[in-house]
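Computed from the coordinates by the stated procedures, all read-outs in this text should not be read as laboratory data. Since we're looking at a predicted model, the values are computed, not measured. Note that each Cβ is placed from the backbone with ideal geometry, even for glycine, and that neighbours are counted across all protein chains shown.
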Amino acid sequence: MRKRRVLLFALVLSLLLSLNLAVFAEEEIPSLWEAYSDYFLIGTAVNSRTLNTHRDLIVKHFNSITAENEMKFDALQPTEGIFNFYRADQMIEFAKENNIQVRGHVLVWHSQTPSWVFRFAGQPATKELLLERMRNHISTVVGRYKGQIYAWDVVNEAISDGPEIYRDSPWYNIIGKEFIAEAFRAAHEADPDAKLFYNDYNAVEPAKMQKIYNMLKELIEEGVPIHGVGIQGHWSIEHPDLLQIMRAIEKYASLGLEIHITELDLSVFAWDDHRKLAEPTPEMIEKQALRYKNLFNIFKRYSDHITSVTLWGVADDSTWKDNYPVQGRKDWPLLFDVNHQPKEAFWAVIEASK
Ligand code: GLA
């Protein structure tokens, strides 16, 4: 009898202890956004699924969210005049409930835009019609979320990677470069308090940076309401050079613009590395952590200009980098692993906050 009681006591005690330990371990993981609260917002891209499957991590570590796809043109207005705000609204609600701010992404882009936008009666749309559709889309979307979205990516990826200045896109080909200025004007009219951003990739590569810089400067000189530039940051553990990143930040900041890092993730692979691995090598894990640390040190150093840093996803079990650009290749670009545990990269980012 006595033996049984002692056993029971020991059992209860060890249960309590392990519970306690679990709570303790949980508390020991610091919150990312709290660690950076003196510097900038810490954001993550979410989708309707990860809002549930990654809820705990999102709520604990991030104070800004971006919809991965749910606020793109094809999601919001798949058919002319028929808007679908269901999923976007859900995100806004989620953010409100959890005291999180929302970055709007994206109003005008060549990709994920339905083909009806650029056509009329079997022909390419006229300049007037396309401008009208663009303004209508922007005023409807930005107007709906007025006061609830702190920054919008108004135009995404309008600059070319090749020798020409502007990307060859239906927006540019039909309207000309003024589609950019017009998009910003329409967004500003719909929500004068929202910060309006131009967003692009390869934005720190010297040649493309110069073209982006020239365009931004021209817009500012014309009095176009533009407030910031988004550096996407789909980088890798090798690339690009940290010095290039610093130069780009300084260059854009010299225009008096705010800077957001909008889509940060660090692939463990070089772009054309075709190896398919079951897990990242120890060397990759270490390199990635070091690079995240260096990057956040740089972001901190420029935090007078950088006001928001968003990772493009929450944890390695859900990332667009799987299969891209190499089909069948798993990648591990984020701060939390496939089991939602903090990686070395996470601890390195925390270290950099101190
Ligand atoms: C671009 C877009 C993002 C996203 C990524 C790939 O960077 O701006 O919305 O689609 O490509 O996931």
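For the chain, DSSP calls about 10 percent of its internal beta bridges antiparallel.
Rounded to the nearest 20, the Cβ-based charge dipole of the chain about its Cα centre (Lys and Arg +1, Asp and Glu -1) stands at 1040 debye. Centre-to-centre, using Cα atoms only, segment 79-109 and segment 248-312 are separated by 26 Å. The calculated FRET efficiency for T53 paired with S254, based on their beta-carbon distance and R0 = 41 Å, is about 0.45.
Would you mind counting up the charge near A88? Only other residues with Cβ under 11 Å from its Cβ, with Lys and Arg at +1 and Asp and Glu at -1. Net local charge, A88 excluded: 0. Angle of helix 127-144 to the longest C-alpha principal axis of the chain, folded into 0 to 90 degrees and rounded to 10: 30°. Adding -39500 (n - 2.57) for every DSSP H run of four residues or longer, then dividing by how many residues the chain holds, sets the calculated 222 nm ellipticity at -13500 deg cm²/dmol. On full extension, the segment bounded by E283 and W320 gains 11.1 nm, given 0.36 nm per residue less the C-alpha separation. Pairs exceeding a 29 Å alpha-carbon distance, out of K211/K287; K251/K276; K96/K195; K211/K300: K211/K287; K251/K276. Take the alpha carbon gyration tensor of the chain, find the square roots of its eigenvalues, order them as a ≥ b ≥ c, and report rounded if a/c is under 1.5; if not, report prolate when a/b exceeds b/c, else oblate. Prolate is the answer for the chain, as a/c is 1.5 or above and a/b outweighs b/c. Sorted on the mean count of surrounding Cβ atoms within 10 Å across their residues, most packed first, peptides 65-78, 128-141 read 65-78, 128-141. Mind checking the angle between helix 206-221 and the chain's longest principal axis? C-alpha axes, 0 to 90 degrees, to the nearest 10. With rounding to tens, the tilt is 60 degrees. Near A67, once Lys and Arg are set to +1 and Asp and Glu to -1 for all other residues with Cβ below 10 Å from its Cβ, the sum equals +1. A crude spin-label estimate for the pair D304 and D273, with each label 7 Å from Cα along the Cβ direction, gives 3.7 nm. Given R0 = 30 Å, the distance between the Cβ atoms of T140 and N339 translates into a calculated FRET efficiency of 0.15.
Taking the longest Cα principal axis of the chain as reference, the axis of helix 2-28 is set at about 30 degrees. Shape of segment 197-284 from its Cα gyration tensor (a ≥ b ≥ c, root eigenvalues): rounded if a/c is under 1.5, otherwise prolate when a/b > b/c, or oblate? Here segment 197-284 falls in the prolate category. Would you mind classifying segment 19-113 by shape? Square roots of the alpha carbon gyration tensor eigenvalues, ordered a ≥ b ≥ c; an a/c under 1.5 is rounded, otherwise it is prolate if a/b is larger than b/c and oblate if not. Note, shape of segment 19-113 comes out prolate. A simple packing score, the average count of other Cβ atoms within 10 Å per residue, orders the peptides 81-90, 345-354 as 345-354, 81-90, with the highest score first.
Taken over segment 109-168, the alpha-carbon convex hull comes to 114 cubic angstrom per residue.
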